[in-house]
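Take a look at the structure set out below.
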Amino acid sequence: MSTHGTRHTLACARLAVSAFLVGAATLCAALSANGHEVWIETATSAKRGEAHEIQICWGHSGQKETGPAMAAQQDKLTVCVLGPGGREPLTLAKGSDSFTANFTPESPGGYVVGADLQVGIIDREFHGMPPKTRIVMYGKAVAHAGGQGEATVPLGFDLEIVPASPIRELKPGDLVTVKVLHKGRPIGGRNVQVSAKTSGPLPPPADSRVQTSEWSIQAMADPVSGEVTVPLIVGGQHLFHVKYFDETPGTYDGDRNDSSDFSHLRKGDTYERTMYVSTLTVQVN
């Protein structure tokens, strides 16, 4: 073979390897995106008349995404708070590893904060999710500004985890009950698995044999009541998580006009099913 032919063959080989690596990187990114969720972190105690900050986080298994991957979610996110005075939208600002928003409690009582992330509709299979699947993510947290009562009023998300037992002063050893609602109605059964997880307040043990200090538990929501009751083993932030596939086809009739390499969401776009991911963050003292 001539020198020119050898160089041409090597160049083609390099292009093939480069194309493979780019494809592999794209696939890995797609697999990672499938396991993501949105969640809210905030102090559970708020003060009347003072600004109360919340952090809206996006990532996988509680690990916050940063940089361009996080920034790309901002236009798809909406955040609101529901308190004694009603519901109001909140304005987002971008931080280093999360988005932030503030609200000022004017009345005593419970305040439910919610985030709605409209990921979009995918056109090709990703990690077992078939094409024409719409992806929607929700996150919730609760803060109290004095007074009595619990913040258990649903926000009206299509898939929502609602506290069904007191969560104001949780401590290790308590039992906590949550309810899963799909479009306002309890949902359960083998396809509705609720997990609760936390890394707790302590650093990982120094022993190299210990791979993680994260504690987690998973249970099926009751088919009739939609409820799950779990024990709280340690203190710290706990994240309740549920994923649900609604196999009902539909047509998007909202006002979004999103398009990316991963998904799209425009008025008139059709989908064959919806994958919902919803979280609820609570603090254990």
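The values are calculated or read from the model by the stated rules, or taken from the named source; none is laboratory data. Note that the structure is a prediction, hence the values are computed from the model and not measured. FYI the Cβ positions are ideal-geometry reconstructions off the backbone, even for glycines, and counts take in every protein chain you see.
For SER199, only one of the following conditions fails: (1) under 21 Å from SER61 (Cβ atoms); (2) modelled with pLDDT under 90; (3) loosely packed, with under 15 Cβ neighbours inside 10 Å. What is its number? Of the numbered conditions (1) under 21 Å from SER61 (Cβ atoms); (2) modelled with pLDDT under 90; (3) loosely packed, with under 15 Cβ neighbours inside 10 Å, the odd one out for SER199 is (3). Within segment 208-233, being β-branched (Val, Ile, Thr), at pLDDT 90 or above and in a loop (DSSP other than H, G, I, E, B) holds for one residue alone: VAL224. Inspect segment 193-205 for any residue being small (Gly, Ala, Ser) and over 20 Å from the mean Cα position of the chain (by Cα) and give the result as yes or no. There is no residue in segment 193-205 that is small (Gly, Ala, Ser) and over 20 Å from the mean Cα position of the chain (by Cα).
Evaluating THR91 against the criteria (1) more than 18 Å from the chain's Cα centre (by Cα); (2) buried (at least 22 other Cβ atoms within 10 Å of the Cβ) leaves one unmet condition, (2). For GLN73, the conditions (1) within 14 Å of the chain's Cα centre (by Cα); (2) of a type outside the set (A, V, I, L, M); (3) modelled with pLDDT under 90 all hold with the exception of (3).
Of the residues making up segment 197-206, at least one is outside any loop (DSSP other than H, G, I, E, B) and within 22 Å of VAL142 (Cβ to Cβ).
Against the test of being within 20 Å of ILE56 (Cα to Cα), buried (at least 16 other Cβ atoms within 10 Å of the Cβ) and assigned by TED's automatic domain parsing to the domain that holds HIS52, the options LEU155, LEU181, LEU170 yield a single qualifying residue, LEU155. For segment 234-262, the set of residues classified as closer than 23 Å to ILE40 by Cβ and either part of a loop (DSSP other than H, G, I, E, B) or basic (Lys, Arg) (or both) consists of VAL234, GLY235, LYS243, GLY254, ARG256, listed by residue number. Name, by its number, the condition in (1) surrounded by 18 or more Cβ atoms within 10 Å (Cβ to Cβ); (2) hydrophobic (A, V, I, L, M, F, W, C); (3) modelled with pLDDT of 95 or more that does not hold for CYS80. All conditions pass for CYS80, except number (1). Within segment 48-76, the set of residues being out of contact with any strand residue (DSSP E or B) (no Cβ under 9 Å at 6 or more places or on another chain) and touching a residue at least 24 places away in the same chain (Cβ under 8 Å) comprises ARG48, GLY49, GLU50, ALA72.
Determine whether PRO204 is out of contact with any strand residue (DSSP E or B) (no Cβ under 7 Å at 6 or more places or on another chain), in the same structural domain as VAL112 (by TED's automatic domain parsing), at pLDDT below 90 and surrounded by 12 or more Cβ atoms within 10 Å (Cβ to Cβ). So PRO204 fits the description; yes. The residue that is surrounded by the most Cβ atoms within 10 Å (Cβ to Cβ), counting only those in segment 263-285 that are in a strand (DSSP E or B) and over 20 Å from the mean Cα position of the chain (by Cα), is TYR271.
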